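K.L.:
Please read through the structure below; I'll follow up with questions.
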Amino acid sequence: MTMLMMFATRPAAVNAARSALRLRPSTAAAFANNGVADAATSQQNRQISSSPEFDALVKKSFPGAISNKDLVNKVVGVLEGKGFSHGNTLLATSLCADELARVLEDEFVSVYGNNFNLGGLSGFPFAGNTGFGAMAAHIPDDGFCLLVHGPHVGICKNGQIGKVERQGIALVDNCCGSAIAASNYLKGITHGGAQITAKLQQFSDFQQGAVQELI
């Protein structure tokens, strides 16, 4: 399950951003918040398995959720009418590092071509200002940018949220593990008397430390 936010920005907004970044002028990419259900409890050869029963289970916990395929079809249909195409659109994504997030990413890649990856753990855009500036410079001349951003959450075939079955692994795994770890860290401080630790700044686990501080 991916909670998704997408932006398709109009020319004036991008040109202003590029001027601030001193990048070459171009046009970019507006859409809206949406809920996207990875209708799967496991990946088998990176294909999504689904059933009406599981879809109903997902929608019970996340009303309005739709499949990756339906989302992509809706987005493409709307943006085609605004001039977005494979040849003039840069796809940028900020999704979690989890391999499960690649399924949705790949659906968009199949339409718009290779993506510029801004994301890291929990879907935060760890590429930062430098990465965003580089991404903006890669937008085709007089073209567009579609930015797909959001966290994800697992849901098991029994309906348990925050867990997911993975191919070849008997253990039912946390999903999103990074977000859950950050939530547990916060609860330890607010409810358990734990202290904020300077270890959050360690380079060896910088992204998770940043997720915990941001949350």
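The values are calculated or read from the model by the stated rules, or taken from the named source; none is laboratory data. Remember, it's a predicted structure, so these values are computed and weren't measured experimentally. Neighbour counts run over all protein chains shown; Cβ positions are idealised from the backbone, glycine included. Protein only, heavy atoms only, side chains kept; ligands, DNA and RNA dropped before computing areas. Shrake-Rupley method; radii C 1.70, N 1.55, O 1.52, S 1.80 Å.
K.L.:
Return one whole number: the accessible area per residue of region 167-215 in Å², for a 1.4 Å probe.
P.N.:
Numbers: 3390 Å² over 49 residues.
Value returned for region 167-215: 69 Å² of accessible area per residue.
K.L.:
With the cut-off at 23 Å, tell me which of the pairs LYS59/LYS187; LYS69/LYS157; LYS163/LYS187; LYS60/LYS163 have Cα atoms farther apart than that.
P.N.:
LYS59/LYS187
K.L.:
Which shape class, rounded, prolate or oblate, goes with region 84-198 when its Cα gyration tensor gives a ≥ b ≥ c as root eigenvalues, a/c under 1.5 marks rounded, and past that a/b bigger than b/c marks prolate?
P.N.:
Details: a/c = 3.57, a/b = 1.60, b/c = 2.23.
Oblate, because a/c is 1.5 or more while a/b does not exceed b/c.
K.L.:
Give the accessible area for ASP55 in Å² (nearest 10); use a 1.4 Å probe, count only protein heavy atoms, and leave out ligands, DNA and RNA.
P.N.:
Approximately 50 Å² for this residue.
K.L.:
Determine which residues of region 167-182 fall in the zone a paramagnetic label at ILE161 would reach in this model, i.e. backbone nitrogen under 18 Å from the point 7 Å along Cα→Cβ.
P.N.:
173-182
K.L.:
Separate question: Test of understanding: what is the full-extension gain from LYS187 to LEU171, defined as 0.36 nm times their sequence separation minus their Cα-Cα distance?
P.N.:
Once the chain is fully extended between LYS187 and LEU171, it gains 3.3 nm.
K.L.:
Would you work out if region 158-212 is rounded, prolate or oblate? Take a ≥ b ≥ c from the square roots of the eigenvalues of the alpha-carbon gyration tensor; rounded if a/c is under 1.5, else prolate when a/b is larger than b/c, oblate otherwise.
P.N.:
Note, shape of region 158-212 comes out oblate.
K.L.:
Before anything else, pin down the relative contact order of region 78-163: Cα pairs under 8 Å, at least 6 apart, normalised by residue count, whole percent.
P.N.:
That works out to 36 percent.
K.L.:
What is the gain in length, in nm to one decimal, between SER110 and GLN202 on full extension, counting 0.36 nm per residue of separation less the C-alpha to C-alpha distance?
P.N.:
Full extension from SER110 to GLN202 adds 29.4 nm.
K.L.:
For region 105-166, give the percent of accessible area contributed by carbon and sulfur heavy atoms, probe 1.4 Å, rounded to a whole number. Each step should come with its number before you reach the end.
P.N.:
Working: 1410 of 2660 Å².
For region 105-166, the apolar C and S fraction of the accessible surface comes to 53 percent.
K.L.:
When a/c is below 1.5 the answer is rounded, else prolate if a/b is larger than b/c, else oblate, so apply that to region 81-149 with a ≥ b ≥ c taken from the square roots of the Cα gyration tensor eigenvalues.
P.N.:
Oblate shape, in that a/c is at least 1.5 and b/c is the bigger or equal ratio.
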